[in-house]
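**Q** For reference, the structure I am asking about is given below.
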Amino acid sequence: MSSFPVTRLRRFRRTAALRGLVRETRLSLDQFVLPLFVASEPLANEALPGLARHDLDGLLREVDARAADGVRAVMLFGVPEAKDEEASGAWEDDGIVQQALRALRPRFPELVLTTDVCLCEYTSHGHCGVVVDGEVHNDRSLELLARTAVSHLEAGADVVAPSDMMDGRVAAIREALDDHGFESAPILAYSAKYASAFYGPFREAADSTPAFGDRRGYQMDPANLREALRECELDLDEGADAVMIKPALPYLDVIRAAREAFDVPVAAFNVSGEYAMVKAAARAGWLDEQAAALETLTAIRRAGADLIVSYWTRDLPGWI
């Protein structure tokens, strides 16, 4: 290989047009999913607009605006009026997510409607499964998770995304979906969901902070990478169609490892804490939000994510 002065890598950096010609990693709205929170009462969030709660009318207005901008997919999170030990609001026919799906499906037939399948927003204790003797009981939680996924498909969802991290939940959901005639519905599994410090703003928006203890007994240890690959492999064996790494930025190495190990779509969740850090720094005048957000999302794509769940999806139409 020749070197300077024959080789000058700056030649393709001189102009925006030249840089665009040789850009290796590109962002497209086709690759992004917009998380949305639906509740009986709206709750604005001026500091973090992506984490505002919408009532049903507000949700329709928000989706209408985002779809008109070119957003292709959304992921729904529900905040119920009442919670109980069995998370009944997660799977009841008139649950808030089920109502939202029935309102959205006929109005936006081309929009990909994805739902988060978990129990934490719906349980009185805020954990992601049934609690027995002070512990989250893995196997007793599976039936409720499967029931929730079926209810979402019956209401009009396209994709279900279990995020609870119970062992065996993908198999339970796959069997239940197939038994109810939804064998064509894909499962996007939160396969490597870490017990992260970056979930704080989400837990406020979703009202899902645990009433006691924490989630380290079922979410992954941040120190482990090989275990993440085992989680992905097990979920795929159980019937997952795609795997997700959450959070994204502190786990770019995990995204890359999953991309290299598996020939399936790999998703990443650019979580609330990652979003909030950039927002806060931008408000303080320390960095440019748009530039930092695009650099962040490009890094996640470059690491190997095929699709990204991000609150910045609502801003991307004006940025890319």
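The values are calculated or read from the model by the stated rules, or taken from the named source; none is laboratory data. Just so you know, these numbers come straight off a predicted model, no measurement behind them. Glycine gets a Cβ as well: all are built from the backbone with ideal geometry, and neighbour counts include every protein chain shown. Calculation scope for accessible area: heavy atoms of the full protein, side chains included, ligands and nucleic acids excluded. Shrake-Rupley method; radii C 1.70, N 1.55, O 1.52, S 1.80 Å.
**Q** Go through the stretch 297-315 and report how many residues are among the hydroxyl-bearing types (Ser, Thr, Tyr) and open to solvent by 20 Å² or more (accessible area, probe 1.4 Å).
**A** 1
**Q** Of (1) without any contact (Cβ under 8 Å) to a residue 40 or more places away in the chain; (2) open to solvent by 60 Å² or more (accessible area, probe 1.4 Å), ILE320 satisfies all except one. Which?
**A** (1)
**Q** Going by what's in this entry, would LEU188 be described as open to solvent by 20 Å² or more (accessible area, probe 1.4 Å) and among the aliphatic types (A, V, I, L, M)?
**A** No, not satisfied.
**Q** Would you mention how many residues in the stretch 23-43 are outside any strand (DSSP E or B) and either in contact with a His (Cβ under 9 Å, 6 or more places away or on another chain) or open to solvent by 70 Å² or more (accessible area, probe 1.4 Å) (or both)?
**A** So the answer is 6.
**Q** Based on what the data block shows, is HIS137 under 21 Å from PHE212 (Cβ atoms) and open to solvent by 10 Å² or more (accessible area, probe 1.4 Å)?
**A** Judged against the criteria, HIS137 is a match.
**Q** Turning to a different aspect of this structure: With the requirement that a residue be more than 20 Å from GLY89 (Cα to Cα) and in a helix (DSSP H, G or I), what does the stretch 141-193 give you?
**A** Across the stretch 141-193, the qualifying residues are VAL170, ALA171, ARG174, GLU175, ASP178, ASP179.
**Q** Scan (1) in a loop (DSSP other than H, G, I, E, B); (2) surrounded by fewer than 16 Cβ atoms within 10 Å (Cβ to Cβ); (3) touching a Ser or Thr at 6+ places or on another chain (Cβ under 8 Å) for the single condition ALA240 breaks and write down its number.
**A** Just one mismatch for ALA240, condition (2).
**Q** Tally up the residues in the stretch 44-62 that are open to solvent by 30 Å² or more (accessible area, probe 1.4 Å), in contact (Cβ under 8 Å) with a residue 60 or more places away in the chain and in a helix (DSSP H, G or I), please.
**A** 1
**Q** Do you know which of the residues in the stretch 78-117 that are charged (D, E, K, R) and assigned to a helix (DSSP H, G or I) is least open to solvent (accessible area, probe 1.4 Å)? Steps first, answer last, please.
**A** Kept after step one, since they are charged (D, E, K, R), are these residues of the stretch 78-117: 81, 83-86, 92-94, 102, 105, 107, 110, 116.
If we keep only those that are assigned to a helix (DSSP H, G or I) too, we end up with 102, 105, 107.
On the way: ARG102: 99, ARG105: 51, ARG107: 123 Å².
Result: ARG105.
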